[in-house]
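So the structure is just underneath, and the comments pick up after that.
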Amino acid sequence: PYGMDYTKIEAVSLVTGLAGTGSDPPPSPQRATLLDDMNRRGVDHPNDVLASPDTSLVLVRAYLRPGIQQGDRYDVEVRVPSRSETTSLRGGWLLPARLTEMAVLGEQIRQGSVLGKAEGPVLVDPSADPKKDPALVTRGRVLGGGVAHKSRSLGLVVSRQHQSIRLSQQIAAAINKRFYVHVDGRKQGVASPKTEEFIELAIHARYKDNVGRYMRVARNIAVDESAKVLQDRLQLLEHQLADPLTAANAAIRLEAIGNDQAVEILTKALATNDPEVRFYAAEALAYLDQTAAVETLAAVARDEPAFRVNALAALSAMDDVIAYDALRDLLSLPSAETRYGAFRALWAMNENDPLVRGENMGGQFTYHVLDVAGAAMVHVTDSYRPEVVLFGKDQHFALPLVLDAGQKVLVNGQSGGKIIVSRFTPGQEPEQRTVSTSVDEVVRAIVELGGTYPDVVQALQQAKHDGALQSRFLVDAL
């Protein structure tokens, strides 16, 4: 397989909007690189900008996942250099950064071509104490803040002793017989033989969130197999599928065959007493979009933590209303991991579904209020994409409370069932919103007053810590 590693890309950039916690960076290759970038962008008096205590030079880093496509988003890590005097990045905004593969050669930073860009609010761990954890407040993440400029190529490399144009074409033909996509209404195979050594693969939509499995299945496709040999192999795989030690590989190979006989063997295995065998068979059937997989995978997601994530991923890959209904039922279970995992699976299945689509909150994050049964729960993320999910519509804060939502927004509720959300700007009258104790109304008021995703997360986390938020509060439960 080719292209299954992660590509590290980096940049030097500037974080602004700090409340006096920034610093003037010392002379270094990083400072020189940032000054060059600022001059190229036409920034006036760049040295004065760097000297401001409200800005900080930062190192930006991200990892492009296998199979990432142009326009896809990814998380970005931000941290101050080791010699920096910056004390905190909380409340900061990462200015546009162009990320490249980088290396230091001859005491100069050398950059490759631009592979992505990044920008956005920096999320610093809201629970980090600047006095107790000074290192934690000088690093953060911009969730989904990066945008890929190029699609990463995936493919298969033919072993040196077998390389030939003819074999490369045979491999592509075998893969295209199993996998194809629709382009302008026409079927088109996913494999393209580029040279005698390399076959490029487009990602099949069913495996967009599980590229590793896609490559495993592709590598298990037989290139030249007679009907007799296939029948013998199906009998062997049926025997191997019944043994927990060989069931995982047998299921992948049956998935690679993908015909009616393979489906029949996998379906029969759902009746076995061994839970591993049932799971591997159901997982393969899900990627073959067979409804028979749903009941087993839903039970696994509910009862088997070891297989839960894979079961939810398999259900999300299906185009099946029964799978949709099963995931929807999981939203009300006691397990936070199962509930949020089911939400993510439904979003991956169809991000435009009204149940999970949510709202775009000023371009800062997506906000989802789910009208589902079960204990009230609030879920936020610190990876993948910025989002707030309320499980249960009628959630309220307990009074009294005083919460910081970033450096400029204050949430104050003392009595009377009302909460005042205020934004303070030097030299101006405070802006205010008066809302009820509803968690939903408070979140919306913070955003209306210019609060960012890190500000909302900080307020919610502080409310939970102080006992004002009585709902369960989870960060990245999956």
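The values are calculated or read from the model by the stated rules, or taken from the named source; none is laboratory data. Note that this is a predicted model, so its numbers are computed, not measured. Every residue, glycine among them, receives a Cβ derived from its backbone with ideal geometry; neighbour counts consider all protein chains shown. Surface areas here come from the heavy atoms of the whole protein model, side chains and all, with no ligands, DNA or RNA. Shrake-Rupley method; radii C 1.70, N 1.55, O 1.52, S 1.80 Å.
Can you confirm whether segment 349-356 contains a residue that is of a type in the set (A, V, I, L, M, F, W, C) and either over 30 Å from ALA445 (Cα atoms) or surrounded by fewer than 17 Cβ atoms within 10 Å (Cβ to Cβ) (or both)? Yes: one or more hits.
If I go through segment 105-117 residue by residue, how many of them are touching a Lys or Arg at 6+ places or on another chain (Cβ under 7 Å) and either surrounded by fewer than 16 Cβ atoms within 10 Å (Cβ to Cβ) or of a type in the set (S, T, N, Q) (or both)? So the count comes out to 1.
Quick one: is LEU288 in contact (Cβ under 8 Å) with a residue 24 or more places away in the chain and under 30 Å from GLN169 (Cβ atoms)? Yes.
Here GLN30 does not fit the description of being under 21 Å from LYS117 (Cα atoms), assigned to a loop (DSSP other than H, G, I, E, B) and of a type outside the set (Asp, Glu).
In segment 267-279, the residue that is least open to solvent (accessible area, probe 1.4 Å) out of those that are of a type outside the set (Asp, Glu) and out of contact with any Phe, Trp or Tyr (no Cβ under 9 Å at 6 or more places or on another chain) is VAL277.
When the residues of segment 38-75 are narrowed to those that are acidic (Asp, Glu) and in contact (Cβ under 8 Å) with a residue 40 or more places away in the chain, which ends up nearest to ILE9 (Cα to Cα)?
Step one: list which residues in segment 38-75 are acidic (Asp, Glu), which gives 44, 48, 54, 72, 75.
Still in the list and also in contact (Cβ under 8 Å) with a residue 40 or more places away in the chain: 72, 75.
Working: ASP72: 15, ASP75: 12 Å.
Step by step, filter segment 38-75, then rank; the result is ASP75.
Would you pick out the residues in segment 411-427 that are surrounded by 20 or more Cβ atoms within 10 Å (Cβ to Cβ) and within 33 Å of the chain's Cα centre (by Cα)? Matches in segment 411-427: VAL411, VAL421, ARG423.
What's the total number of residues in segment 328-346 that are within 19 Å of the chain's Cα centre (by Cα) and either of a type outside the set (D, E, K, R) or open to solvent by less than 20 Å² (accessible area, probe 1.4 Å) (or both)? Walk me through it before giving the result.
Keep residues of segment 328-346 that are within 19 Å of the chain's Cα centre (by Cα), which gives 336-346.
Retained after the next criterion (residues that are either of a type outside the set (D, E, K, R) or open to solvent by less than 20 Å² (accessible area, probe 1.4 Å) (or both)): 336, 338-343, 345-346.
Of the residues in that region, 9 qualify.
Rundown of residues vs (1) among the hydroxyl-bearing types (Ser, Thr, Tyr); (2) surrounded by fewer than 19 Cβ atoms within 10 Å (Cβ to Cβ); (3) at pLDDT 95 or above; (4) more than 30 Å from HIS465 (Cα to Cα), yes/no style:
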residue: LEU18; (1), (2), (3), (4): no, no, no, no
residue: LEU57; (1), (2), (3), (4): no, no, yes, yes
residue: TYR63; (1), (2), (3), (4): yes, yes, yes, yes
residue: VAL78; (1), (2), (3), (4): no, no, yes, no
residue: GLY92; (1), (2), (3), (4): no, no, no, no
